[in-house]
Amino acid sequence: MTAADDLPTIEFRRSRGRQVGFLTAAVLAAALAVAVVNLVSGDPWWDGLWTPALWILALGLLRGAARPSPAGHQPQLPLRLTADQLEVTGPGGRTLAVGWSNVARAEITGRLYPVLVIEPADPERTIPPLARWEWAVTGQSRPYEIRVPLAYLSPGRDLLRRELARRLPGPADAGRPAR
């Protein structure tokens, strides 16, 4: 039995519950901010809470936050971690797989809009290999990175971080000789 045999397959998806929770918290925070501003300015706390323009603006902003605009052929969730590889839904809805031995970098960036950034060591070893034009995605800082938006991720970013740390060699282990 190898170490890879005891690694479970984990699938990360978008969660409707997390999305509704986020949007509810955002609307309540906006209402609280309006109430506080009203109290500080000497108006009744409820003044302006039911202004249609305020809610149209808030709903428009929340709708934009709920559906990030697609950028090129950006891979999407679901994201699956298996014992052998990391899989994302790539261009055209097909599965794009990167073997763990081929992952040069995998990190989660951003707080409000988290993104998983994966960089294969050899782009030709992705399954299936992507054509050169398919790698071009808005927002990339390197030519062959894969950016997966993690908004409303379930089971959560903490589990994803732990699993990436468990499946990939850490920076401290990179220079150490094997025993």
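The values are calculated or read from the model by the stated rules, or taken from the named source; none is laboratory data. Treat the numbers as computed from the prediction; the structure is a model and nothing was measured. When we count neighbours, we look across all protein chains shown, and the Cβ atoms used for this are built from the backbone with ideal geometry, even at glycine.
Structure above, values below:
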{"item": "Answer residue from the range 1-59, given it is in contact with a Leu (Cβ under 6 Å, 6 or more places away or on another chain) and of a type in the set (Phe, Trp, Tyr) and is modelled with the highest pLDDT among those", "result": "Phe12"}
{"item": "Residue in the range 129-142 that is of a type in the set (A, V, I, L, M, F, W, C), out of contact with any Gly (no Cβ under 7 Å at 6 or more places or on another chain), surrounded by fewer than 17 Cβ atoms within 10 Å (Cβ to Cβ) and at pLDDT 90 or above present", "result": "no"}
{"item": "Residue match in the range 4-14 (condition: of a type outside the set (A, V, I, L, M, F, W, C), in a helix (DSSP H, G or I) and under 30 Å from Asp84 (Cβ atoms))", "result": "yes"}
{"item": "Selected residue (criterion: surrounded by the fewest Cβ atoms within 10 Å (Cβ to Cβ)) from residues of the range 80-102 that are in a helix (DSSP H, G or I) and either within 18 Å of the chain's Cα centre (by Cα) or at pLDDT 90 or above (or both)", "result": "Gly93"}
{"item": "Arg105 part of a strand (DSSP E or B), at pLDDT 90 or above and among the basic types (Lys, Arg)", "result": "yes"}
{"item": "Leu168 being within 26 Å of Phe22 (Cα to Cα) and either modelled with pLDDT under 85 or crowded, with 16+ Cβ neighbours inside 10 Å (or both)", "result": "no"}
